[in-house]
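As structure tokens, the structure follows; a few thoughts come after it.
Every number here is computed from the coordinates shown, using simple stated rules; none is lab data. For clarity, every value in this text was computed on a predicted model and none was experimentally measured. Note that we place each Cβ from the backbone using ideal geometry, even for glycine, and neighbour counts take in every protein chain shown.
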Amino acid sequence: MDVNLRVQRYDPAGDRKPYYEEYLLTGQPEGVTVLDALIEVRENVDETLGMRCSCRSSICGSCAMRINGQATLACKTRVSSVAQPDGSVTVEPMGNMPVLKDLVVDFEIFWNKINDIGPWLKTEGPVPEREYIVDNEKMLNLIGTVGCIMCGACVSDCTVLAADPDFLGPAALAKAYRFVGDPRDAHREERLADYVKDGGIWDCTHCYYCVEVCPKGVAPMEWILELRREAEAAGHTNHNGVRHSKVFAESVKEAGWLDEAKLAMESMGSLKEKLSLVPVGLRSLLHGKMPPTGPLHYKRPGADHVKRIFEELEAKE
Ligand code: SF4
Ligand code: SF4
Ligand code: FES
């Protein structure tokens, strides 16, 4: 098969802005991966192409890049599964991390965030002579998080990180659960108190991108939601995020749809924060973005059915 790669090139040390270079490879095997094709380019066509890879088996995480706009592992992606109708495949470096050269990004941001969550077991008390004995059930719960290969795909495509570089991000927060959920860790409470701060678990907007792009099925957002449940259960309830999720659910339960005005006001903890919404409300009004009912939120027809669903779920919990 023929492979038409459209690769973003960029050297921050040079004087050119990022641009795309096309490489046409003919007679490639049917199962060729994007990584195979890039290696072929680097070895036989253009040795200046900057890229990173090692295992070629979806294990090391070093070949993550954006393929047709979405972060993934190049060694796990067959060209035939992503080629566009014109046969082209667009390859770009990952997002949310600065480019060092072509497809190679600087992982410092990624590792700093991992370090920020304290990624090691913090035990206390006497060290056992042999090993710590842990209940199998409890460790099984952590399997989903330990599958992370630190490829950075989730960080690349996280929509909140793109807007707020201070957000801890999906990979670090999934890793955070790995220690919060580990019965050997003696600093669970401190960890939770840390993760509820600004830039932590309540800043995720549930866009699902990290779940979609993770090549190992870690589903970081699910662990962020788990951390929220753990934090609430541990008493960390005085937070806009907690209020937001409660008012959201209550308004849908009672009226069958979201009361946006109430949601905004009641998510705020202090009068000062509530007042800070006045200019936002005025701007929304001027731009026609006010909820159609204004402050009058009425019950939708069929709202009682929605309420019944909530009640059945609550009874199960
Ligand atoms: S679900 Fe949350 S953590 Fe995951 S990509 Fe979206 S905003 Fe980021
Ligand atoms: S959670 Fe998934 S996407 Fe994110 S770094 Fe780990 S393996 Fe990669
Ligand atoms: S080269 Fe190791 S994961 Fe792709």
Query raised in the report: Under 14 Å from the Cα of LYS138, which aspartates and glutamates turn up, not counting those fewer than eight places away in the same chain?
Result: ASP182, ASP185
Report task. Could you name the aspartates and glutamates whose alpha carbon sits less than 15 Å from that of LYS274, not counting residues in the same chain fewer than 8 places away? Result -> GLU260, GLU266
Query - Principal axis dimensions, largest first and in whole angstrom, of the chain by Cα - result: 67, 66, 40
Query raised in the report: Under a Cβ-Cβ cut-off of 10 Å, what is the net charge of the residues other than MET268 that fall near it, where Lys and Arg count +1 and Asp and Glu count -1?
Result: +1
Query raised in the report: How far is the Cα center of the stretch 82-137 from the Cα center of the stretch 5-21, in Å?
Result: 26 Å
Requested in this report: Quick one: dipole size for the chain, taken about the Cα centre, charges +1 on Lys/Arg Cβ and -1 on Asp/Glu Cβ, in debye to the nearest 20.
Outcome: 720 debye
Report summary line: Summing -39500 (n - 2.57) over every DSSP H run of at least 4 residues in the chain and dividing by its residue count gives a helix-only mean residue ellipticity at 222 nm, to the nearest 500 deg cm²/dmol, of -11500 deg cm²/dmol
Query raised in the report: Which entries in LYS272/LYS299; LYS17/LYS113; LYS246/LYS289 show an alpha-carbon gap greater than 26 Å?
Result: LYS272/LYS299; LYS17/LYS113
Report summary line: Among VAL196, ILE117, ALA172, the residue whose Cα sits farthest towards the positive end of the charge dipole of the chain (+1 at Cβ of Lys and Arg, -1 at Cβ of Asp and Glu, taken about the Cα centre) is VAL196
Query raised in the report: In nm, to one decimal, how far is the VAL211 label point from the MET265 one, both placed 7 Å along Cα→Cβ?
Result: 3.2 nm
Report task. Using only alpha carbon pairs under 8 Å that are at least six residues apart, calculate the relative contact order of the chain and give it in whole percent. Result -> 13 percent
Report task. Sort the following peptides by mean Cβ neighbour count (other Cβ atoms within 10 Å, averaged over residues), highest first: 53-62, 217-226. Result -> 217-226, 53-62
Requested in this report: Could you work out the relative contact order of the stretch 240-316, using alpha carbon pairs under 8 angstrom and six or more residues apart, expressed as a whole percent?
Outcome: 40 percent
Requested in this report: For each cysteine in the chain, check whether another cysteine's C-beta sits under 4.7 Å from its C-beta; list those where none does.
Outcome: CYS75, CYS148, CYS151, CYS158, CYS204, CYS207, CYS214
Query raised in the report: Over the stretch 108-233, what is the mean sequence separation of C-alpha contacts under 8 Å (at least six apart), divided by residue count, expressed as relative contact order in percent?
Result: 33 percent
Query raised in the report: Which of the peptides 137-145, 181-189 is most tightly packed, and how do the rest follow, going by the mean number of other Cβ atoms within 10 Å of each residue?
Result: 181-189, 137-145
Report task. Quickly rank 31-37, 249-255 as a protection proxy: mean count of other C-beta atoms within 10 Å, highest first. Result -> 31-37, 249-255
